[in-house]
1. Please give the number of the condition GLN203 fails out of (1) touching a helix residue (DSSP H, G or I) at 6+ places or on another chain (Cβ under 9 Å); (2) surrounded by fewer than 22 Cβ atoms within 10 Å (Cβ to Cβ); (3) in contact (Cβ under 8 Å) with a residue 60 or more places away in the chain.
2. Can you tell me how many residues within region 157-174 are open to solvent by less than 40 Å² (accessible area, probe 1.4 Å) and under 15 Å from the mean Cα position of the chain (by Cα)?
3. Just checking, how many residues over region 113-136 are assigned to a loop (DSSP other than H, G, I, E, B) and at pLDDT below 75?
4. Among the residues that make up region 301-320, is at least one of them more than 28 Å from the chain's Cα centre (by Cα), surrounded by 14 or more Cβ atoms within 10 Å (Cβ to Cβ) and at pLDDT 95 or above?
5. Does ARG211 satisfy the condition of being of a type in the set (Lys, Arg), buried (at least 16 other Cβ atoms within 10 Å of the Cβ) and modelled with pLDDT under 95?
6. Residues in region 223-235: is at least one modelled with pLDDT of 95 or more and on the phi > 0 side of the Ramachandran plot?
7. Report yes if PHE141 is over 24 Å from LEU347 (Cα atoms) and of a type outside the set (Gly, Ala, Ser), otherwise no.
8. State which residue pairs qualify: first residue under 11 Å from GLU270 (Cβ atoms) and open to solvent by less than 50 Å² (accessible area, probe 1.4 Å) and inside region 238-252, second residue outside any strand (DSSP E or B) and hydroxyl-bearing (Ser, Thr, Tyr) in any location, beta carbons under 8 Å apart, and separation of 6 or more residues or different chains.
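The values are calculated or read from the model by the stated rules, or taken from the named source; none is laboratory data. Note that this is a predicted model, so its numbers are computed, not measured. Every residue, glycine among them, receives a Cβ derived from its backbone with ideal geometry; neighbour counts consider all protein chains shown. These area figures cover heavy atoms from the full protein model, side chains too; ligands, DNA and RNA do not enter into them. Shrake-Rupley method; radii C 1.70, N 1.55, O 1.52, S 1.80 Å.
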Amino acid sequence: MRITKMARTSAVPVLGDPAIKHQRITQRRIAELAGVSQATVSLVLNGKADDAASRIPEETRRRVLEVIRETTYVADPAARRLAGGSNKILGVFTYEPAFPSQSQDFYTPLLTGIEAQAESIGCDLLMFTSAPVTDGRRRIFHENNRLRLADGCLLLGLEMDDNELSRLAASDFPFVAIGRRETPGVPYVGADYAAGTADLVAQALEQGHDRFFLLARKSSGESVTDRRRGFHDALSNKPVSSETRITTGADLQADWAAIKAFNPTVLFIEYPAHATALYALALAEGLRVPEDLSMVVLGECSAPSDPDIDFTRLSPPRTALGSTAVTLLARIIASDEELPDSELRTLLDCPTIPGSTLTKARRKP
């Protein structure tokens, strides 16, 4: 479809508008969207809108700035002259902080995989941190964010905003989410948590367990819901009892009381830090793990401060997630044609580790 110049208007199209879908955002395109000249856009970008010789009306300046925010355009003419517009820079955007202690057990190997693969293909990494963390999360379309300094971007986070993902997917900007995403059109590399969880449930069933308790993390993130789905699907139509409790981890004593009230033979715990604390609570009450209570963790306990407990567990391929996501992003950037959906959305196998905390179910009294 041929794109014609827009008439001057105060309405600002959004990235999801079919008229601008898959269009590269340049100063000329911003001028078209704002209904002004390219010279006006240049003056606004260079902070010269108020110069006496070229004074630009405030309404016009605001309209140009709004279009720039909507398209996530960033002026970087020097870099864009390199290698036909390719900077050999890959961005990393995290919805939540990547470096606090509670996140290091997941993000450290993930970032290791990203770094190693970026090095192997000769790209630099740029972490976007200018968007502030508000209520525990960053926003892609915050006015401070400058994604287009990079050729493409990796998105990291337990929960991602569907509206932001939809807007980004409708733009020309290459990106890959790490972790399965349900938002249509979003390229991702994720771990098959549902199948891995179902495998651990099957192992517990083989050991004769008939009372299953799942302590799940309070979150709507796909990695959480996938684990929950794998747990319940594997127990569907099985002659067992099960209970699920959602927790923030703020009151593990209350969680432990609910677990004891149900009296499970096997306890599935999604969040590794919760597993470590509940293991200590069980020992403090004289319970033997796994003889009196088997415990299965749906993640890796890899923080340096964790005690040396060889949990039966899922072992997400975090380093491989990072490196595979970089490879996919590089393909998207280099490809002149849209890749098929089967190649844009990948789930890696999520291995299980036997550990020492799952054994045969205790004898019934």
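1. So GLN203 meets the others, but not (1).
2. Total satisfying the criteria: 7.
3. 6
4. Taking every residue of region 301-320 in turn, none turns out to be more than 28 Å from the chain's Cα centre (by Cα), surrounded by 14 or more Cβ atoms within 10 Å (Cβ to Cβ) and at pLDDT 95 or above.
5. no
6. No, the conditions are met nowhere in region 223-235.
7. yes
8. Going by the 8 Å Cβ cut-off, the qualifying pairs are GLY249/TYR271.
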